[in-house]
Amino acid sequence: MKRATAVAVSGGGHSMKAALLLKAQRHHVIGIHFICQRKYFLKVPKYTITTLGCKVNQYESEAIARELETSEWHPAQKNEPADLCIVNTCTVTQKASMQSRQAVRQAIRANPNARIVVAGCYAQTAAEEIKKIDGVHDVIGHAQKHKIASIFRSPKPNETLHQISVCSNIRKEHQFRRFSETVYGTRTRPFLKIQDGCDSFCAYCIVPFARGPSRSMSLTDVLENIKQLGAVGYHEVVLTGVHLGNYGLDLDPKTSLNELLSAIDESNLIKRVRLSSIEPLELTDDIIACVAESRRFCRHFHIPLQSGDDQILKKMHRPYSGSYFRDLVFKINKRLPDAAIGVDVLVGFPGETDKAFENTYNLIQDLSVAYLHVFPFSSRAGTAASKLADKIPSDVIKERGQRMRKLGADYRLRFFNGFIGQTLEVLIEETRDKKSGLLKAISSNYIPVLIDASDDYMNHIVQVTVEKLLKNNRPYGTIFSSG
Ligand code: SF4
């Protein structure tokens, strides 16, 4: 299950200026607004993109922004009315759908003269509902999302008709739709979507209905994208997908995530590669060995557990047991003792008795992990879980969530404390920490370190000694050496 958080993005630059943009990015306001400029407009037209949801959505928004920019659109200033507003929605939970509707209404209110375009997972699954929102002009599904920039290359600003372009059966979509440009975005550590869709149909998850079957970017294209990112000065890429572990299985000839990682390692195109979430059964011994034996891959695994109770796992259609998960974490701990292991947990699935919840809690208490992402169950229409009878009361779900989050916070603190006095290799981000004004850096094993140093270190990999935890439990370090 993907996290549903509202995230704002801004556009990247043309390839020839991307290296300079890396420096300039830290001056960008990370906001939801973009300015666009078209030669034939009398005034300077503007556009905004609002993004909700997971890394895949964020990547796609950045891709749309980059393609718009190559058509001479530019990011808008905050609070300026726009001519084109794209809302890239999420529907992973009821809350995400509600936030998506709010974002659409907000875009309409703030931009009364704009063309309003709604895309993303909520657009894919609830096109008719969105169409009813007064002020929406276009609803665009996943099969057409990669064409948004070309659709609006010659917009008619006064056009008010509803244009619905949503493939009615996304499960028939078997082609990986890549964007035409390498996506730089504004992150120091850009995302690269290498896989889309999912065939697993976990009982609670709407994603297979929203994004369709699993499909992958070709291995050659993945390497080419990484090459471009490395060539313009990025030091880390985050490989993302809806079901990353299924990478390559749909390609002809078939390949696999492990083969891709070996090819990336051999090609020496970028210094660091981070993997996003991988399902327990797909985090194979080969992948663990590949990460352990190469300095290129970040020592960081994010693994969805969801439940530690075998009966609930079965009801969720999750094909492993609690003990399998425990053994997997032990194996990683043994092979890579310094690795960060993050775990997704879903609380309040229908039928999750007190005993079943305790089984999950106790399993996690046995593990040495770095952090937890805790999600409350949210019933999604059309999923198997939505038809299950024994729903858990919301106050019980809330209480379980709080308990689990407290456990996660304890783990995070324990993980950070374990590195005080140690030296870590970190990549320094392009933006400073808003509260403290310190530089932000991230280690291979996902420890966010604050550093008091000049902007010259931005986008550099340096060795940092972790001195202490600050009052807010953020690790603080001093630069030991750069290079
Ligand atoms: S693996 Fe399960 S939880 Fe993850 S996207 Fe697919 S169906 Fe959803």
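Within the stretch 310-322, being part of a helix (DSSP H, G or I), open to solvent by less than 60 Å² (accessible area, probe 1.4 Å) and away from the ligand (no atom under 16 Å from the Cβ) holds for one residue alone: Gly322. Ile148 falls short on exactly one of the conditions (1) modelled with pLDDT of 90 or more; (2) within 30 Å of Asp199 (Cα to Cα); (3) in a helix (DSSP H, G or I), and that condition is (1).
Annotation note: Cβ proximity below 7 Å between a residue of the stretch 131-147 that is farther than 12 Å from Ile86 by Cα and a residue that is modelled with pLDDT under 90 and part of a helix (DSSP H, G or I) (sequence gap 6+ or interchain) occurs for Gly141/Ile170; His142/Ile170; Ala143/Ile170. Would the stretch 172-189 turn up any residue that is in contact with a Cys (Cβ under 7 Å, 6 or more places away or on another chain), open to solvent by less than 40 Å² (accessible area, probe 1.4 Å), within 16 Å of the ligand (Cβ to nearest atom) and modelled with pLDDT of 95 or more? No, the conditions are met nowhere in the stretch 172-189. Could you go through the stretch 249-256 and let me know if any residue there is among the β-branched types (Val, Ile, Thr) and either more than 29 Å from Ser378 (Cβ to Cβ) or modelled with pLDDT of 90 or more (or both). Yes, the conditions are met somewhere in the stretch 249-256.
Spot the failing condition for Leu249; the list is (1) open to solvent by 10 Å² or more (accessible area, probe 1.4 Å); (2) within 16 Å of the ligand (Cβ to nearest atom); (3) part of a helix (DSSP H, G or I), and only one is missed. For Leu249, the failing item is (3). Name the residue, out of Ile397, Ile392, Ile420, that is closer than 19 Å to Ser97 by Cβ and modelled with pLDDT of 95 or more. Ile397 is the lone residue from the list that is closer than 19 Å to Ser97 by Cβ and modelled with pLDDT of 95 or more. Of the residues that make up the stretch 151-160, is at least one modelled with pLDDT of 70 or more and open to solvent by less than 40 Å² (accessible area, probe 1.4 Å)? Looking for residues that are modelled with pLDDT of 70 or more and open to solvent by less than 40 Å² (accessible area, probe 1.4 Å), one finds at least one in the stretch 151-160, hence yes.
Contact annotation: residue pairs with Cβ atoms under 6 Å, 6 or more positions apart or on different chains, pairing a residue in the stretch 92-114 that is over 15 Å from Asp134 (Cβ atoms) and in contact (Cβ under 8 Å) with a residue 60 or more places away in the chain with a partner that is part of a loop (DSSP other than H, G, I, E, B) and of a type outside the set (A, V, I, L, M, F, W, C), are Val92/Lys2; Thr93/Ser378; Gln94/Ser378. The number of residues in the stretch 439-483 that are closer than 26 Å to Gly342 by Cβ and hydroxyl-bearing (Ser, Thr, Tyr) comes to 5. The condition (being touching a residue at least 60 places away in the same chain (Cβ under 8 Å) and either loosely packed, with under 15 Cβ neighbours inside 10 Å or of a type in the set (S, T, N, Q) (or both)) is satisfied by just one residue among Ser368, Ser378: Ser378. Just to be sure before I move on: is Asp327 on the phi < 0 side of the Ramachandran plot, part of a helix (DSSP H, G or I) and acidic (Asp, Glu) in the structure I sent? Yes; evaluated as a whole, the condition is true for this residue.
Residues that are within 16 Å of the ligand (Cβ to nearest atom) and surrounded by fewer than 17 Cβ atoms within 10 Å (Cβ to Cβ) within the stretch 201-237 comprise just one, Phe201. Within the stretch 421-428, does at least one residue satisfy the condition of being in contact with a Cys (Cβ under 8 Å, 6 or more places away or on another chain) and open to solvent by 20 Å² or more (accessible area, probe 1.4 Å)? Within the stretch 421-428, none of the residues are in contact with a Cys (Cβ under 8 Å, 6 or more places away or on another chain) and open to solvent by 20 Å² or more (accessible area, probe 1.4 Å). Contact map, the stretch 51-76: residues that are over 13 Å from Ser180 (Cβ atoms) paired with residues that are in a helix (DSSP H, G or I) and polar (S, T, N, Q), Cβ distance under 6 Å, separation 6+ or inter-chain. Pairs shown: Thr51/Asn57; Thr51/Gln58; Thr51/Ser61; Leu52/Gln99; Leu52/Ser100. Can we say Arg299 is away from the ligand (no atom under 16 Å from the Cβ), of a type in the set (Lys, Arg) and touching a Lys or Arg at 6+ places or on another chain (Cβ under 9 Å)? When the stated conditions are applied, Arg299 does not pass them. Look at the stretch 198-219: where a residue is over 16 Å from Ala119 (Cα atoms) and a partner is among the β-branched types (Val, Ile, Thr) and within 6 Å of the ligand (Cβ to nearest atom), sitting 6+ places away or on another chain with Cβ atoms under 6 Å, you get Cys198/Val207; Cys198/Val242.
Applying a threshold of 6 Å to beta carbon distances and a minimum spacing of six or more residues, or different chains, the list of pairs starting in the stretch 435-459 at a residue that is of a type in the set (Phe, Trp, Tyr) and ending at one that is surrounded by 17 or more Cβ atoms within 10 Å (Cβ to Cβ) reads Tyr446/His300; Tyr446/Ala340; Tyr457/Ile428. Within the stretch 274-296, being within 12 Å of the ligand (Cβ to nearest atom) and in contact with a strand residue (DSSP E or B) (Cβ under 9 Å, 6 or more places away or on another chain) holds for Ser276, Ser277, Ile278, Glu279, Pro280.
May I ask you to list the residues in the stretch 252-281 that are of a type outside the set (Gly, Ala, Ser), open to solvent by less than 30 Å² (accessible area, probe 1.4 Å) and part of a helix (DSSP H, G or I)? Listed by number, the residues that qualify are Leu257, Leu260, Leu261, Ile264, Pro280.
The values are calculated or read from the model by the stated rules, or taken from the named source; none is laboratory data. Since the model is a prediction, treat every value here as computed from it, not as a measurement. In this analysis, Cβ positions are derived from the backbone assuming ideal geometry, glycine residues included, and neighbour counts consider all displayed protein chains. Note: areas computed on protein heavy atoms with side chains; ligands, DNA, RNA excluded. Shrake-Rupley method; radii C 1.70, N 1.55, O 1.52, S 1.80 Å.
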